[in-house]
Each structure stands twice: as structure tokens, then as C-alpha cells.
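Right, one structure below, let's go through it.
The values are calculated or read from the model by the stated rules, or taken from the named source; none is laboratory data. Here the structure is a predicted model, which means the values were calculated and not measured. As a convention, Cβ positions derive from the backbone with ideal geometry for all residues, glycine included, and neighbour counts pool all protein chains shown.
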Ligand SMILES: Nc1ncnc2c1ncn2[C@@H]1O[C@H](COP(=O)(O)OP(=O)(O)O)[C@@H](O)[C@H]1O
Ligand SMILES: [Mg+2]
């Protein structure tokens, strides 16, 4: 007789059903697992044996074959323990096989028979709901699974015994409640930053339209400080975005306590990050920082210190909004629509172009440093702003600056205008100017005649690429939205162009 239990394998954030077949037959005693298991799955044999033993169930001296079908799909991770154990228990007649057929099962087993948390419970629950089944998952992941649907059955047992008792009817498990993480303690506030009026304005525009931003300036000017305050002025995630972001975090094993949060992700990987850490992949095709920053911010501090290959690997997700990882046996894709915010010093010593300072290595220092950034990468950055040093004397006794709540209010108004616009023009899009489809840009950012003349002159003088041209128009549209203006005027365009020129000046300062 063969017992069947359904579990899942993950391809990107999609949960693909996997049939766990367990056969207990006469023969040389032992457990064999087949169906492309990786090391963690193969080791599950020992955990399952010990967990069943601890739960008071001795395996018969028979040959046990576990097949994970489809056989050609690679199986990775530790979440196959629980389905294999339940398959065995059904095969031994300890659990009712026909009731198990209504569930998708995933979870890791500890040697003492407790069910340990695993990654990917949220996408598995959503997949199970789509198949019209319930879910059996670890107790710690129950709150996460409960988000998948109000009426699906979810069993989140602490141990194998608790689950067996539930099916026997002696101790019924209650359905877990969906949990939202309420972050105690506010985010860092913009009020802490003295001066830097133009940089603050740039940050506000970038937040309002979701534009990519590069800040350049000498060390200690407050670039990292500014960037870390961006989350405090961004609006919370919409329900649909929240689910998408949480699915990626779930697969990446980053959902603490199974709780979801409506805060936008803010990822700040160190500059030693490898390509696999940044865009995903590696031995287990995990989502990288670019995907974990989906619908949020990817902050690259000390930009030129990143390996050029790593930066260039971001070019494709920056355009397409997703990462495709091709591996020897299959391809997976993860969503990766993030806002890129970067900070850099103008040269390695950081003093190039500063009044009253001189760079010891002269122009070479800045040129070498900036040469680490490729042209196509820089072309994808909509706004470049200079962050000049603030003198310590300016900080003494300076009054507090505008607080984040005020700025967040203006950003929210501008985002509402955009959401309304794209609801009519491109339903289903993300609803912010930065992600506007190329075909729509000229419709949404129609210029007045004076603006058109300015754009014509600027495009020639700045040698704007087609991409640069479109990105300038999008930024101009955001500035007009912040202004509450219906059409994009010359003044809005001029400001947008100044952010394009900002970068040229930074480079020329060397
Ligand atoms: N505009 C500012 N207002 C208040 N403090 C500042 C400002 N700029 C810099 N600082 C101080 O300098 C420190 C270093 O700033 P940081 O953002 O790390 O500089 P950068 O990243 O530009 O090198 C901050 O932690 C803060 O104490
Ligand atoms: Mg810094």
C-alpha cells in the first residue's frame, strides 16, 4: 500500500505541488528517499526516524521507500520532514490517510518530535488555498499562514503528538490568527537633519514618485543619515503589495515570528555583497537583496566600493522589475521592483571639489573612483543630488528642521494623485510615476510650449539618451504632482533637469 501526502516545492515565489509517496514493504529494513532530494531532504530520514521514535512510534523492520514526485523537479530545504513523517504515520495506520488528503503539509522536525519553523509558509498557504485544500504547518508559522484566506483550514501543531491527537479528536487545534507586526519605536526622523535643504527636497521628490536617487558629497555630510530617513516619509504598503513583499520575505526566511508588516522594506546591503546576495541565486535559488527590497528601497551606501559586476547585475531588474535566475536545471524569477538610493563620496579620500580642501592625488583620484560606475548603470538613476558638507558651526543652536510627518503628508498627497491617474490609464500597474510605461509618459507629462522649448535645448546640450529623456519627464511629472499642478510646466521641467545635470557636475568637479 502507498500513502500519499501533498507538499510543495518553491519555484520563485510560486509553490508547486509535490506528491510524497510512502511505501512500506517487506525487504531489508531502512528508509530510502528518491526524487531529486538535496542534502537537507536526504538527511530528513534521520530526523523523521528520531521524531517518530520520540513520539512513541517505532518503525517496523521493513523497507520504506519515499518518492517525491514529480521526480525531475529538484527538492530543496528542510520542509519535507513533516510530510514524510505524516506519510509514514498514514502508512502505519496511525493517521487517517483520507483526511490528510485535504491538506498541503510542510514543516521541519526536531529529534524530539516538535515541529520547527520553515521558510515559505505564506506562499505555500496561498498555493494550498488555490488548490482548495487546507494547510498543516509549524505552530510558529501559523500566524503567517492565516493571511492566505479566511475560510481555509489551517492546522499549526507544536509537535507530531499534538497533530495525532487532533485527528483522534482528543485535543483539537485552534485556527491561528493572522498577525501584523506593530513596530515599536518610530523610524529615524528627518527633523534630526540640519540644513541640507536641497538634499531634503530631492529626497521628498524621490519618495513621491519612487525615483532612483544618487547622493554625492564629502564624508560626514549626512548622506547615510538622509537615506536612512527615507522610510519615514514613504507611505505604508497597500494590501496587495504587502502580500507580495511578505511572500518574498517568507521564502527568504526573513519573516520573524510569522508576522507581516505594512512598512516598506529598506535593504542596505554592505558593499562586499556578492552577486548571489544581491540578485539572488546561489546553491539554493534564494531571493537576493534586490527582491527583498521589492516595493521598497534598496540603499547602496559607498556605491563605487561595490564590485562593478554586482552593480551591473542590477541593470536588468532596474528596467524589468524582476530578477530571472537561470540555473542548470531550471529558471526561477523573483519580483524586484525597488527604488534604488545610492550614496557616494566624490573620490576615495572624499575631498575632491570641496572648497578649501584639496585631494592629494589630484584629478586621478576622482576619475579612478568614479570609473567604477558604468555609464548604463548611471543612466538608470533619475536624480543625482549634491550633498555639500555642513560646517559644525552651522549645527550649533540651529533650530529643528521640518519633521518627517509633514513631508510624509505631502508625499501621500502626491502619491494619491498618481494612483488616481494610473487607475484610469493603466489599471493594474504599480501606480507611481517612476514605473510609468514608456508609451504613456508623453501623455501624462504633456509639456507647455515653454517647457517643450526648454526640453529641446536641454536634450541637445546634455546629450540625453532616450532613457534619460523619459526619466527626466517622469521626474518633472512628480514635481508637478507635488505642486498640485495639472500640466507639467517649464519650472517643473527645469528642476527635473537640474537633477540630471547634478551628476554631470559631480563628475566634472574632479
Ligand atoms: N546635516 C546634518 N545635521 C545633523 N547632523 C549631521 C548632519 N550631517 C552629518 N551629521 C552628523 O554626521 C554624522 C555622519 O553623517 P553620515 O550621514 O554618516 O555622513 P556621510 O554618509 O555623508 O558620510 C551623522 O551621524 C551626524 O551625527
Ligand atoms: Mg555614509
- Message: Taking the criterion of being more than 30 Å from residue 292 (Cβ to Cβ), surrounded by fewer than 20 Cβ atoms within 10 Å (Cβ to Cβ) and touching a helix residue (DSSP H, G or I) at 6+ places or on another chain (Cβ under 6 Å), would at least one residue in segment 26-36 satisfy it?
- Response: yes
- Out of curiosity, is residue 439 loosely packed, with under 15 Cβ neighbours inside 10 Å, farther than 25 Å from residue 195 by Cα, modelled with pLDDT of 85 or more and assigned by TED's automatic domain parsing to the domain that holds residue 221? no
- Task: Check 352, 367, 328 and return the single one that is in a helix (DSSP H, G or I) and modelled with pLDDT under 90.
- Result: 367
- Inside segment 168-195, the number of residues satisfying the requirement of being away from ligand 1 (no atom under 16 Å from the Cβ) and either assigned to a loop (DSSP other than H, G, I, E, B) or in contact with a helix residue (DSSP H, G or I) (Cβ under 6 Å, 6 or more places away or on another chain) (or both) is 17
- Task: Go over the candidates 291, 198, 246 one by one and state the one that is within 16 Å of ligand 1 (Cβ to nearest atom) and assigned to a helix (DSSP H, G or I).
- Result: 198
- Message: Restricting to segment 49-71, name every residue that is within 33 Å of the chain's Cα centre (by Cα) and not in a loop (DSSP other than H, G, I, E, B).
- Response: 68, 69
- Within segment 224-243, can you find the residues that are within 13 Å of ligand 1 (Cβ to nearest atom) and closer than 20 Å to residue 209 by Cα? 226, 227, 228, 229, 230
- How many residues, within segment 269-288, are closer than 27 Å to residue 140 by Cβ and at pLDDT 95 or above? 1
- Item | Residue within segment 89-96 that is closer than 30 Å to residue 151 by Cβ and assigned to a helix (DSSP H, G or I) present | yes
- Scanning segment 218-238 for residues that are at negative phi, in contact (Cβ under 8 Å) with a residue 40 or more places away in the chain and within 11 Å of ligand 2 (Cβ to nearest atom) gives 218, 219, 221, 223, 224, 226, 227, 228
